[in-house]
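All remarks here apply to the structure that follows.
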C-alpha cells in the first residue's frame, strides 16, 4: 500500500457510499467503538491529507477492512479485567436471552476506566449494521432511561434487543440502523400489557472474529 493516506480516503468514501451513511454517522460509529476523534480529524482522513495514529488507526482499519502490519503497531501492554455477560441481544427481532452469572469476557481495563460499563452482551443479526455487527461485544452502562434517539438494550417480555429508541406519551418506537428493517412500534396500551424495561445504554463496541 504505497500511498496510505490516499488509500484510506478511497476506502472511507467507498464505505460511506456502499452503506449509505453520512460522515457524521461514520464519525459516531468510530467513536462508539472507541476512536475518540473529532470531525476535523475525519475530514483530514476523508480528504487524504493525514493518516490516523494509534488506537484510532486500529479501529478505522478494522471497520474498513484494511490489513495492519502488526510489526509496525506500537501498543503498550494491555491490562485485562472481567466484564459480566448478560447474554445475547438481537440486532433484528427481539431474541430471548439467558443470564449466565458465570459467564464473562476479558477486555482492556481502559474500557472500564473510560466508559464505565456495568455489563456486556453479544450482538446477533444485522439490523444495526454498519454500527453493530453480529458477534460484536456491546459494553453497556446500566440505567433505566435513555434520551430519545439514543441506542438502548431493551427487554420486552423476557426478550432482548438493541435499538435506537424514541418515546412519547402515546407510543414507543424501536428503530434499526439498517434501513431494510422496519421500525417496531408499540402503543402505550400495548406496553402496559407487556413487561418491558430499558436495561442500559451501549457505551462501547468491540468487534470479535466470530458470527460475522
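Data overview
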quantity	calculated
Residues residue 18 and residue 180, FRET efficiency given R0 of 25 Å [Cβ-Cβ distance, rounded to 0.05]	0.95
Nearest-0.05 FRET efficiency for residue 192 and residue 39, computed from C-beta distance (R0 41 Å)	0.45
Crossing angle, helix 54-64 versus the chain [Cα axis fit, 0-90 degrees, rounded to tens]	70
Likely footprinting exposure, 180, 57, fewest C-beta neighbours within 10 Å first	180, 57
Residue among 161, 103, 199 with the largest mean-square fluctuation in a Gaussian network model of the chain, springs linking Cα atoms under 10 Å	103
Convex hull (Cα only) mean projected area of segment 139-211, reported in nm² to one decimal	5.7
Compactness of segment 4-68 as Cα Rg over 2.2 N^0.38 Å, two decimals	0.96
Histogram of C-alpha separations across the chain, 10 Å bin width, %	8, 32, 33, 20, 6, 1, 0
Calculated [θ] (222 nm, deg cm²/dmol) that DSSP helices of n ≥ 4 give over the chain, each run adding -39,500 (n - 2.57)	-7500 deg cm²/dmol
Fewest-first ranking of 33, 53, 164, using other Cβ atoms within 10 Å as the exposure measure	53, 164, 33
Cα→Cβ-extended label distance, 7 Å offset, between residue 114 and residue 31, nm	1.3
Estimated distance in nm for a label pair at residue 157 and residue 207, the labels positioned 7 Å out from Cα along Cα-to-Cβ	3.6
Where a label projected 7 Å from the Cα of residue 49 along Cα→Cβ would reach, residues of segment 18-40 with amide N under 15 Å	38-40
Extension reserve of the residue 173-residue 142 stretch, reckoned as 0.36 nm per residue once the Cα distance is removed	9.1 nm
Using alpha-carbon coordinates, inclination of helix 4-19 to the longest axis of the chain, degrees	30
Theoretical gain in end-to-end length, residue 6 to residue 62 [0.36 nm per residue, Cα-Cα removed]	18.4 nm
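Since every read-out is calculated from the coordinates, none of them should be taken as a lab result. Values in this document were obtained by computation on a predicted structure and should not be read as measured data. Note that we place each Cβ from the backbone using ideal geometry, even for glycine, and neighbour counts take in every protein chain shown.
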